[in-house]
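The values are calculated or read from the model by the stated rules, or taken from the named source; none is laboratory data. Please read all numbers here as calculations on a predicted model, not as lab measurements. As a convention, Cβ positions derive from the backbone with ideal geometry for all residues, glycine included, and neighbour counts pool all protein chains shown.
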Amino acid sequence: MQTLVKLDSLKGRLVASSQALREADNWTTLSTDIEEVMDSGDIDAIASKLVALQNCLGILTHVPDYEDRVAHLEGLKVRLEALASPHIVAAFTQHNLDESVKYARLLRSLGRVDQLESYYHKCEIGQLGTAWRNGVEGSQLSGPALWLTSFYDKLSLLISNQTKDGLLENSMTQSQAQCQSTVEVALHTIMNPVSSQLASLPDLPAWNSRQGTTSHLSLSFSPQEPSGRVVSESEVSAADFLINSVGQNTCKLYTDAILKIPEITTSMITQLTTDIDYICNILEDLGVTSCDPLDKLNLLLKAPVEQYWKIAPGNNPRLIAAVRQMRNIPVQS
């Protein structure tokens, strides 16, 4: 049995040696051919030869000059990349999907995924960055809604095209993160004027009265100026793809601002709920799916004192406590 094991082991070594000799011969032949092919400038033919050399090298890991061969192959890959570079840049810059997929596969077959992603970021992300900066600079003329919509359409088309053929799978997570970052920047751009308007809400003269009168309030209880400004900003700034985020962020900011009012009277509550109804109606017309938590705040503000603790359960505890304190409603016994 031991003799058979030794023979089998010897056979395996002989087969490996024979294969190594064949691959060494192939390496020599391919190394000679590659220079002629390089001179032709035929990128596909060069890539085919380099893949064959790469396969040979995988068998020759035990040869003494292995590291030299690795360095030689890497040098050939760099030369091919230099030839292909203008074509890769053109494919990405012109959004030529077929050509982009072709060169993505070529670089991937040669183990140069990092270079592929580098080209992608240099071309695609560079163009998106330029489009974003130009949009910001020109937004005073075209309006935020127009350039944000245009930028979003450009971004959506780019991602949709590239995911159809599995282009740049390894970088999609990073691209998605960059898209999320872009959306956050857009939201910040849109919400900034809204936040500025709402910052003054707790300091309005209407909330500073402690007499329980309507001296500072509109007798018709029409929406106060900051409420109108908030909706105006949303209507102007909210592109379709951001309208829900803008609306929901507005509701949250408005709720936070109202909760900073220390104490309110019955007349003040009427004014507040009028403002809130106005905001929610406009946002609903714009297609915002939810006014939470502003609508919950509105419910608690409108609740009769004697019914407050029956209506409150199920709402945010922080909201319940804040409104109770603003309205001086006794703690539930």
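For segment 239-250, indicate whether the set of residues that are surrounded by 15 or more Cβ atoms within 10 Å (Cβ to Cβ), modelled with pLDDT of 85 or more, of a type in the set (A, V, I, L, M, F, W, C) and not in a loop (DSSP other than H, G, I, E, B) is non-empty. No. For segment 295-333, filtered to residues that are among the polar types (S, T, N, Q) and in a helix (DSSP H, G or I), the residue that is surrounded by the fewest Cβ atoms within 10 Å (Cβ to Cβ) is Gln307.
Within segment 279-288, if we keep just the residues that are more than 19 Å from Ile261 (Cα to Cα) and in contact (Cβ under 8 Å) with a residue 40 or more places away in the chain, the residue that is surrounded by the fewest Cβ atoms within 10 Å (Cβ to Cβ) turns out to be Gly287.
Of everything in segment 32-45 that is in contact with a Leu (Cβ under 7 Å, 6 or more places away or on another chain) and surrounded by 10 or more Cβ atoms within 10 Å (Cβ to Cβ), the residue that is modelled with the lowest pLDDT is Ile34. Any residue at all in segment 50-64 that is within 35 Å of the chain's Cα centre (by Cα) and aliphatic (A, V, I, L, M)? Within segment 50-64, not a single residue is within 35 Å of the chain's Cα centre (by Cα) and aliphatic (A, V, I, L, M).
Check whether at least one residue in segment 64-84 is in a loop (DSSP other than H, G, I, E, B) and under 26 Å from Asn26 (Cα atoms), and report yes or no. Let's see the steps before the verdict.
We begin by selecting, within segment 64-84, every residue in a loop (DSSP other than H, G, I, E, B); these are 64-65.
Those still in the list that are under 26 Å from Asn26 (Cα atoms) too: 64-65.
Yes, segment 64-84 contains a residue that is in a loop (DSSP other than H, G, I, E, B) and under 26 Å from Asn26 (Cα atoms).
Of all the numbered requirements in (1) surrounded by fewer than 16 Cβ atoms within 10 Å (Cβ to Cβ); (2) within 15 Å of Arg327 (Cα to Cα), Asp292 misses one, and that requirement is (2).
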